[in-house]
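Student: Here's a structure for you.
Every read-out reported here was derived from the displayed coordinates using simple, explicitly stated rules and does not represent laboratory data. Model, not experiment: these values are computed from the prediction. Please note: Cβ atoms are built from the backbone with ideal geometry, for glycine as well, and neighbour counts cover all protein chains shown.
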């Protein structure tokens with residue numbers, strides 16, 4: 001392929017990816033250590049007791065519906081800090097699991113991207129190997145995002161949140177239902193990756209056809 | 001594939017080695033051997049024309065359809 005000329009930025013990116021994967025590996029070790037420390041240190045467990053709440057998008061005293069019916073329609077004073085009480089410890093573990101999964105996904109991405117960039121530098125992109133790699137990336141993203149949303153919903157159900165201990169409730173919901181804890185945009189992105197990987201596979205087949213045309 | 005390539009038969013008849021044919025028509029040995037072994041998916045008319053010109057034959061002498 002004589003078409004690709006300016007590839008130096010790709011080489012620089014590839015070298016940076018080596019560095020990133022090292023840092024990500026250290027990060028993973030940190031979270032694994034946290035997972036072991038958590039049962040013994042309530043503060044750290046509370047730090048990881050995270051819940052998806054999009055409250056920061058709403059001004060204070062907006063018409064906010066909170067899970068329980070007693071607060072329905074009442075003007076909520078959202079001044080003050082969002083307090084998450086002692087959530088069950090398994091929520092903290094789920095969240096640490098999310099961190100570890102996210103880091104390992106990005107680590108996997110780094111390695112696969114390094115291999116793909118290498119193949120571009122070798123001027124041999126449309127191989128079945130690369131098509132397989134893109135498909136792996138797309139599926140691992142999809143699986144991660146689905147698991148992430150599931151854990152979001154589970155956290156929203158099991159953790160009690162309150163504003164400075166006012167309006168304590170099992171699930172803080174803004175303008176709607178529990179489904180707010182579920183973000184569709186991320187899944188669309190994973191679907192986009194899947195589609196692109198299929199298109200790439202078609203490209204590979206086309207190149208194969210072209211190569212075997214005498 | 002259902003199309004059989006009888007290139008080696010024609011090469012034997014004209015007593016031409018594969019290497020010489022590849023040099024005459026400007027196709028690499030690798031590509032010609034892909035054609036000979038039946039791995040090719042498609043052939044350009046220009047290539048077919050060049051082969052027939054050098055081997056002084058017609059496409060039917062080189063390509064044969066054997067339906068399954």
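Student: Measuring from label point to label point, each 7 Å out along Cα→Cβ, what is the residue A:43 to residue A:29 span in nm?
Tutor: 2.4 nm
Student: Using the Kirkwood formula on the Cα atoms of chain B, what hydrodynamic radius do you get, in angstrom to one decimal?
Tutor: For chain B, inverting the mean 1/r across all distinct Cα pairs yields 12.0 Å.
Student: Hey, what number do you get for chain B at 222 nm if only DSSP H runs of n ≥ 4 count, each worth -39500 (n - 2.57), divided across all residues, to the nearest 500?
Tutor: Helices in chain B give a 222 nm mean residue ellipticity of -15000 deg cm²/dmol.
Student: Let me ask you something else. Could you calculate the contour length gain from residue A:22 to residue A:129, that is, 0.36 nm times the residue separation minus the distance between their Cα atoms, to one decimal place in nm?
Tutor: The residue A:22-residue A:129 span can extend by a further 36.1 nm.
Student: Turning to a different aspect of this structure: How would you order A:118-126, A:35-43 from highest to lowest mean count of nearby Cβ atoms within 10 Å?
Tutor: Packing order, densest peptide first, comes out as A:118-126, A:35-43.
Student: Rg and Dmax of the range A:96-141 over Cα atoms: what are they, in angstrom?
Tutor: 12.2, 41
Student: Something else now. Which residue, B:25, B:43, B:51, tops the fluctuation ranking in a GNM of chain B built on C-alpha contacts under 10 Å?
Tutor: Looking only at B:25, B:43, B:51, the largest GNM fluctuation is found for B:43.
Student: What percentage of all Cα-Cα pairs in the range B:24-63 are separated by more than 15 Å?
Tutor: Pairs farther apart than 15 Å: 37 percent.
Student: Compute the angle between helix B:45-55 and the longest alpha-carbon principal axis of chain B, please, reported from 0 to 90 degrees and rounded to the nearest 10.
Tutor: Helix B:45-55 sits at roughly 60 degrees to that axis.
Student: Need one value for A:205-214: mean number of C-beta atoms belonging to other chains within 10 Å of its residues' C-beta atoms.
Tutor: 4
Student: Other chains' Cβ within 10 Å of B:28-41 residues: what's the mean?
Tutor: 2
Student: Here is a further query. I'd like the distance between the alpha-carbon centres of the range A:101-143 and the range B:1-37, rounded to an integer number of Å.
Tutor: Each part reduced to its Cα centre gives a spacing of 39 Å.
Student: Anyone know which of B:44, B:14, B:24 comes out most mobile in the 10 Å Cα GNM of chain B?
Tutor: So, out of B:44, B:14, B:24, the one fluctuating most is B:44.
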